[in-house]
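The block underneath contains the structure these notes are about, expressed in structure tokens.
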Amino acid sequence: MKGRIFSGVQPSGSLHIGNYLGMIRNAVALQADYECIYCVVDLHAITVRQEPEELRAQTREVTAAFLASGIDPKTSIIFNQSQVAAHAELAWIFNCVARLGWLNRMTQFKEKAGKHRENASAGLYVYPALMAADIMAYKATHVPVGEDQKQHLEFTRDVALKFNHDFGADFFPIVEPLIFGAATRVMSLRDGTKKMSKSDPSGYSRIDMTDGPDLIAQKIRKAKTDPEPLPGPEALAADGLSLSSEVAVARPEAFNLLSIYASLARKPLSEALRVFGGVQFSDFKRQLTEVAVEHLGPIGTEMQRLMADPGYVDGVLRDGAERADAIAGPILREVQDLVGFLRVK
Ligand code: AMP
Ligand code: TRP
């Protein structure tokens, strides 16, 4: 084993291909080489208001997505965050380690709080300290995420370093982000400059993991494009791997759809450019629909089947919570000793 993996997904809306290609599919592949812990982060979800019944249903949906995508609950641990007390307890200690200056730099808070900063929950502000606690409660060494979580992982490294320094212990490891594949930042289908997001009010901005073939086809057909045919290999940057920044900026929708295609088909972007350079969007979209339906169809069907069997899903989470607690509990007690909490039992 190359180390211990931890990652989390919020049960705060429907899962989309950004979640799948940016994180879940990578999480599946990493099971071969790492000890893996995958968490449905319900404590993070309530940093913005959630309906209690929907939160429960979405917790089961994220679990179903993990299972349907190929995360094996026998070898990996799958659980929901609220059921293991160490997360909230370590988060409080990290709130006291992290500096306000670090939190003030977090771009996700600025985006999510928007113009009404005064009205955002205090939880949304300290969200990164909870995320650091999730990872450090297991002393995880590697974290698969999409590009948007990079800053939070740098924050996690800073908290771990400061804790080690303050308490004179080489206690927490310094985590490595694992951000890989051709689609580490999937953009909205309606606007190639905006991240594909669970909270976008337009369902046409994203392809959900539970969308059937007709809906996938319809959403891809309606996806925003530009009037030119698709760019070819001449649009590659000097590294021969990524798109040149001029083309990526000038034609964000073309870049996004090509990246989604490359990622789904497990091909490098350069190959997608070679195949589709000069092709009209209408022809390309038909092929994109084909790979999307082929890859997502069976996962969506399996998710629906699992969601109809909440007893099984809850059993997976129960078993996962017990195994997670057995790892995090002793680590938390060592942290409490280092901090100086008097143990009376
Ligand atoms: P969230 O939905 O914010 O809980 O994200 C769960 C995981 O999916 C995280 O690792 C994110 O980085 C990843 N993710 C979310 N949206 C996207 C996106 N549009 N493109 C790529 N990865 C994403
Ligand atoms: N913040 C992550 C997101 O919104 C979810 C998350 C919570 C997470 N805790 C984590 C991801 C720990 C990786 C590791 O996508």
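The values are calculated or read from the model by the stated rules, or taken from the named source; none is laboratory data. In this text, all values refer to a predicted model and were calculated from it rather than measured experimentally. Glycine also receives a Cβ, built like all others from the backbone with ideal geometry; neighbour counts cover every protein chain displayed.
Kindly indicate the residue of segment 149-163 that is hydrophobic (A, V, I, L, M, F, W, C) and away from ligand 1 (no atom under 16 Å from the Cβ) and also farthest from the chain's Cα centre (by Cα) among those meeting that condition. Break it down stepwise before answering.
To start, the set of residues in segment 149-163 that are hydrophobic (A, V, I, L, M, F, W, C) comprises 153, 155, 159-161, 163.
Among the residues that remain, those that are also away from ligand 1 (no atom under 16 Å from the Cβ) are: 159-161, 163.
On the way: Val159: 21, Ala160: 21, Leu161: 24, Phe163: 26 Å.
Across segment 149-163, the extreme among qualifying residues is Phe163.
Condition check ((1) aromatic (Phe, Trp, Tyr); (2) part of a helix (DSSP H, G or I); (3) farther than 24 Å from Phe66 by Cα) across all residues:
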position	(1), (2), (3)
Lys219	no, yes, no
Glu228	no, no, yes
Ile260	no, yes, no
Ser263	no, yes, no
Leu273	no, yes, yes
Leu288	no, yes, no
Val291	no, yes, no
Gly300	no, yes, no
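Listed here are the residues, each with its yes/no results for (1) more than 9 Å from ligand 2 (Cβ to nearest atom); (2) in contact with a helix residue (DSSP H, G or I) (Cβ under 6 Å, 6 or more places away or on another chain); (3) not small (Gly, Ala, Ser).
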site	(1), (2), (3)
Arg4	yes, no, yes
Val9	no, yes, yes
Ile17	yes, no, yes
Ala32	yes, no, no
Glu35	yes, no, yes
Val41	no, yes, yes
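Within segment 146-162, is even one residue assigned by TED's automatic domain parsing to the domain that holds Ser12 and assigned to a loop (DSSP other than H, G, I, E, B)? Quick ask: steps written out before the conclusion?
Narrowing segment 146-162 to residues assigned by TED's automatic domain parsing to the domain that holds Ser12: 146-162.
This time we only want the ones that are assigned to a loop (DSSP other than H, G, I, E, B), so: 146.
Among the residues of segment 146-162, at least one is assigned by TED's automatic domain parsing to the domain that holds Ser12 and assigned to a loop (DSSP other than H, G, I, E, B), which makes the answer yes.
Would you please name the residue that is nearest to ligand 1 (Cβ to nearest atom), looking only at residues in segment 119-148 that are in contact with a Phe, Trp or Tyr (Cβ under 9 Å, 6 or more places away or on another chain) and among the β-branched types (Val, Ile, Thr)?
Val143
Tally up the residues in segment 255-291 that are in contact (Cβ under 8 Å) with a residue 60 or more places away in the chain and in contact with a Pro (Cβ under 9 Å, 6 or more places away or on another chain), please.
3
Tell me which helices (runs of 4 or more DSSP H) are completely within segment 1-118 and hold 1 or more residues being modelled with pLDDT of 95 or more and either within 16 Å of ligand 1 (Cβ to nearest atom) or assigned by TED's automatic domain parsing to the domain that holds Lys219 (or both), or say none if there are none.
Values: elements: 25-30, 42-45, 52-69, 86-95, 100-104, 107-113.
Filter on segment 1-118 gives 25-30, 42-45, 52-69, 86-95, 107-113.
Cβ-Cβ under 7 Å, sequence separation 6+ or interchain: first residue in segment 323-337 and farther than 24 Å from Lys74 by Cα, partner small (Gly, Ala, Ser). Which pairs?
Sorted first by the residue in segment 323-337, then by its partner, the pairs are Leu332/Ala86; Leu332/Ala137.
For Ala45, which of the numbered conditions (1) free of Cβ contacts under 8 Å to residues at least 60 places away in the same chain; (2) touching a strand residue (DSSP E or B) at 6+ places or on another chain (Cβ under 8 Å); (3) within 15 Å of ligand 2 (Cβ to nearest atom); (4) of a type outside the set (S, T, N, Q) fails to hold?
(2)
Would it be correct to say that Asp166 is over 16 Å from the mean Cα position of the chain (by Cα), more than 15 Å from ligand 1 (Cβ to nearest atom) and more than 30 Å from Ser76 (Cα to Cα)?
Numbers: over 16 Å from the mean Cα position of the chain (by Cα): yes; more than 15 Å from ligand 1 (Cβ to nearest atom): yes; more than 30 Å from Ser76 (Cα to Cα): yes.
For Asp166, the condition - over 16 Å from the mean Cα position of the chain (by Cα), more than 15 Å from ligand 1 (Cβ to nearest atom) and more than 30 Å from Ser76 (Cα to Cα) - is met.
Only one of Phe171, Phe167, Phe180, Phe163 is crowded, with 21+ Cβ neighbours inside 10 Å and farther than 16 Å from His44 by Cβ. Can you tell me which? Working first, answer last.
Working: Phe171 fails: crowded, with 21+ Cβ neighbours inside 10 Å; Phe167 fails: crowded, with 21+ Cβ neighbours inside 10 Å; Phe180 fails: crowded, with 21+ Cβ neighbours inside 10 Å.
Going through Phe171, Phe167, Phe180, Phe163 in turn, just one is crowded, with 21+ Cβ neighbours inside 10 Å and farther than 16 Å from His44 by Cβ: Phe163.
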